[in-house]
Amino acid sequence: MPSTKNRITPEQRIYFHSELRQCPHCGTKLKRHHTAWHKYVNTLSGIYDVWNMAYACPNSECPYPGSYYRSAEADALVMKHTSYGFDVLALVGELRFKHHYTLSELHEELNRRGVVTSERNCERLYERYLTLLRASVTDHLRENLKEVVREHGGLLLSMDGIQPEKGNETLYVVREGFSGSILAAQNLKSGSAEELKQLLRPVEALGFPIIGLLSDGQHSIRLAMSGLWPEVPYQYCQYHYLKDIAKPVVELDRKLKTGIKKNLRGIRELEKQVQADPSEEATLAKDYLAAVRSVLLEDGNPPLDLPGVRVFEEAEAIRNSLKRSAKKGGSPTARNS
């Protein structure tokens, strides 16, 4: 995990956008409005620089113009007021309750897995896990939900399952999208549609209007939510959707990137040839070689920003520049590179 002495460096920046594309009240296409939140999220798979972008309805005649719609997928990564992902909390609960780890052992295991933390913070993570499991609709939360309904016309529900490792129980979390409130959370072994319905029943019993449902592609979640609210619009998470449909393209892109980089790695010999040459032609060649070297370090963020395509386009731009230089009578050194 990359880090400096006093600062953790994220491995990847991810921008999350609202899964809803149209206003649920008037149907107008939503527009990006502001950043709902931004933080570094420490997960079992790495540290990410996460941006959750909020969208709003631009229609001045919309009955709820002040409603902001953010990504449920981003909210499913991390609990409020912490930078550790839900998968880390789920693992802490698994190790503490099922394997009876002490705080010292939890500390060692998390650090072994790349989640850098202190023994004192392990205790906080354990307390947050307990708080999560105790999540229920209290009188105070019920009043907050009433306010959400007044402001936005109803609740926006999302559900997600977090499994720290295969074979472990899955932690299912139900959230309200406008307020970010956690309405229910429970560890389940199977996560069948019927079990998930039981987890959602207390939310249904509140009787608040539901204007939208959000989840990933897990079939049992979709069955449970649509079974309780069959008339409510259902939205599949765009981030998961794009990842799933782009898998064949991402694999081809990976092969493209590998092939291009393999062909470019022969530049070391050219660099040696011009290294000690002070001429203007050698200086030009060094600039081109530096550009090629930067391409070797290039990367992307699939599925929307494919690294192979990016490397191809930048390598193609360098080749076209060399061709133009040769046509204009560029130096032999530049033409050979």
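Test LEU270 against the criterion of being in contact (Cβ under 8 Å) with a residue 60 or more places away in the chain, out of contact with any Cys (no Cβ under 9 Å at 6 or more places or on another chain) and assigned to a helix (DSSP H, G or I), and give yes or no. Yes. Tallying residues that are surrounded by 14 or more Cβ atoms within 10 Å (Cβ to Cβ) and under 17 Å from THR43 (Cβ atoms) within the range 94-112 yields 6. If you go through the range 285-327 and keep only what is of a type in the set (Asp, Glu), within 30 Å of ASP244 (Cβ to Cβ) and assigned to a helix (DSSP H, G or I), you end up with GLU313, GLU314, GLU316. Can you confirm whether the range 63-74 contains a residue that is touching a Phe, Trp or Tyr at 6+ places or on another chain (Cβ under 8 Å), in contact (Cβ under 8 Å) with a residue 12 or more places away in the chain and within 24 Å of LYS189 (Cα to Cα)? Yes, the range 63-74 has at least one match. Residues that are within 20 Å of the chain's Cα centre (by Cα) and not in a strand (DSSP E or B) were ranked within the range 167-220; the one that is surrounded by the most Cβ atoms within 10 Å (Cβ to Cβ) is GLY177.
Only a single criterion out of (1) more than 29 Å from the chain's Cα centre (by Cα); (2) closer than 30 Å to SER294 by Cα; (3) surrounded by 13 or more Cβ atoms within 10 Å (Cβ to Cβ); (4) not polar (S, T, N, Q) is not satisfied by LYS243, namely (1). Suppose we keep only residues that are charged (D, E, K, R) and farther than 30 Å from CYS62 by Cα within the range 123-159. Which one would you say is nearest to the chain's Cα centre (by Cα)? In this case the residue turns out to be ARG128. Each residue in the range 278-327 was checked for being free of Cβ contacts under 8 Å to residues at least 12 places away in the same chain, acidic (Asp, Glu) and out of contact with any helix residue (DSSP H, G or I) (no Cβ under 7 Å at 6 or more places or on another chain), and 4 pass. Apart from one condition, GLY330 fits all of (1) at pLDDT 80 or above; (2) crowded, with 17+ Cβ neighbours inside 10 Å; (3) assigned to a loop (DSSP other than H, G, I, E, B); the exception is (1).
Being surrounded by fewer than 15 Cβ atoms within 10 Å (Cβ to Cβ) and in contact with a strand residue (DSSP E or B) (Cβ under 7 Å, 6 or more places away or on another chain) is a condition met by no residue of the range 260-270. For the range 117-152, residues that are crowded, with 17+ Cβ neighbours inside 10 Å and of a type in the set (Gly, Ala, Ser) total 1. GLY93 satisfies every condition listed in (1) assigned to a loop (DSSP other than H, G, I, E, B); (2) in contact (Cβ under 8 Å) with a residue 24 or more places away in the chain; (3) not basic (Lys, Arg) except (1).
The values are calculated or read from the model by the stated rules, or taken from the named source; none is laboratory data. Quick caveat, the model's predicted, so the values are computed rather than measured. A quick note on method: Cβ atoms are made from the backbone with ideal geometry, for glycine too, and the neighbour counts reach across all protein chains shown.
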